[in-house]
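Input: a single structure, listed below in C-alpha cells.
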Amino acid sequence: MKRARTSASNALEYEDEIRKAADNVDEAKQIDEVISELRKVANESTAIGKSRLYRVQGGDVNPNISKFRFIFRNSKLEIIGKDRLHITFDDVERAIEFYIKRGDKAEVFTANINKSFLDKIKSEAVPQEFSKAFPTRPQIDDPTKTKGSFGLHESYFEELLKNISNPIIIKKQ
C-alpha cells in the first residue's frame, strides 16, 4: 500500500512536466504544419511559373519580433506603415528560418508575385552601404544568406500590391 501511494505521489509530482512535454509535442506538430504549408505554396508557385514573396511578421522572441505590415482590411490587402518593407522572394527556407527565429506568435505573409516586378526590384536594388546615397531604391538585405531579400521604400508599395496575387497568411492554429 505504501508503494502505491509513493507511485501516485510521484505521478502527481511529474504531472506538470508531462503536460509541458505534451504541449511541446503539440506545438512542434503545429510548427511542422506551418513549414509544410510554406513548402507546398512555394512548389505551387514554381509549378505555375510565378515567383513567391514572403514576409515573416510578429513573433514573441526578442529581438526578433517584426511589425505586422501586410494586413487584410475589409478583404483588401494593405501595407501598414511607411518604413522600409523587408521581404524575401523565392527563398522559402529563409522564410522558415525567420519563422522559427520569431517564435510561435509569428505568421508568414506569402503571395505570388509577377516575375517582371521582381526583375525590376533586382535591377534597381543597391547594397545597404549605398542606401543613404539612393534612399528610394530597393536595398539588398543579407546578401551572404540569400539572393532574394530586399528592403523596399514606400514608393514601391502601390506597385508591389498591384503585382501580388493569391495572398495568404500562414500561422500556427
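The values are calculated or read from the model by the stated rules, or taken from the named source; none is laboratory data. Note that this is a predicted model, so its numbers are computed, not measured. A quick note on method: Cβ atoms are made from the backbone with ideal geometry, for glycine too, and the neighbour counts reach across all protein chains shown. SASA here: full protein model, heavy atoms, side chains in, ligands and nucleic acids out. Shrake-Rupley method; radii C 1.70, N 1.55, O 1.52, S 1.80 Å.
Worth a mention:
Listed here are the residues, each with its yes/no results for (1) open to solvent by 50 Å² or more (accessible area, probe 1.4 Å); (2) assigned to a loop (DSSP other than H, G, I, E, B).
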{"position": "Ala111", "(1), (2)": "no, no"}
{"position": "Lys120", "(1), (2)": "yes, no"}
{"position": "Ala133", "(1), (2)": "yes, yes"}
{"position": "Thr136", "(1), (2)": "yes, yes"}
{"position": "Pro143", "(1), (2)": "yes, yes"}
{"position": "Thr146", "(1), (2)": "no, yes"}
{"position": "Ser155", "(1), (2)": "yes, no"}
{"position": "Glu158", "(1), (2)": "yes, no"}
{"position": "Asn166", "(1), (2)": "yes, no"}
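- Considering Thr136, Thr110, the condition of being touching a Pro at 6+ places or on another chain (Cβ under 8 Å) and among the polar types (S, T, N, Q) is satisfied by Thr110 alone.
- Inter-residue pairs, beta-carbon under 7 Å, first within 20 Å of Thr146 (Cβ to Cβ) and in the stretch 54-73, second of a type in the set (Phe, Trp, Tyr) and open to solvent by 10 Å² or more (accessible area, probe 1.4 Å), 6+ apart: Val56/Phe98; Gln57/Phe68
- Hey, Arg73 at pLDDT 90 or above, open to solvent by 50 Å² or more (accessible area, probe 1.4 Å), touching a Gly at 6+ places or on another chain (Cβ under 7 Å) and more than 17 Å from Lys172 (Cβ to Cβ) or not: no
- Within the stretch 132-150, the set of residues being β-branched (Val, Ile, Thr), farther than 15 Å from Leu160 by Cβ and over 16 Å from the mean Cα position of the chain (by Cα) comprises Ile140, Thr144.
- Number of positions in the stretch 79-108 that are in contact with a Lys or Arg (Cβ under 9 Å, 6 or more places away or on another chain), more than 21 Å from Ala47 (Cβ to Cβ) and either assigned to a strand (DSSP E or B) or among the β-branched types (Val, Ile, Thr) (or both): 7
- Looking across the stretch 32-62, the residues that are open to solvent by 40 Å² or more (accessible area, probe 1.4 Å) and within 15 Å of the chain's Cα centre (by Cα) come down to Asp32, Glu33, Ser36, Glu37, Arg39, Lys40, Asp60, Val61.
- Any chance Lys82 is farther than 30 Å from Asn24 by Cα, open to solvent by 30 Å² or more (accessible area, probe 1.4 Å) and among the basic types (Lys, Arg): yes
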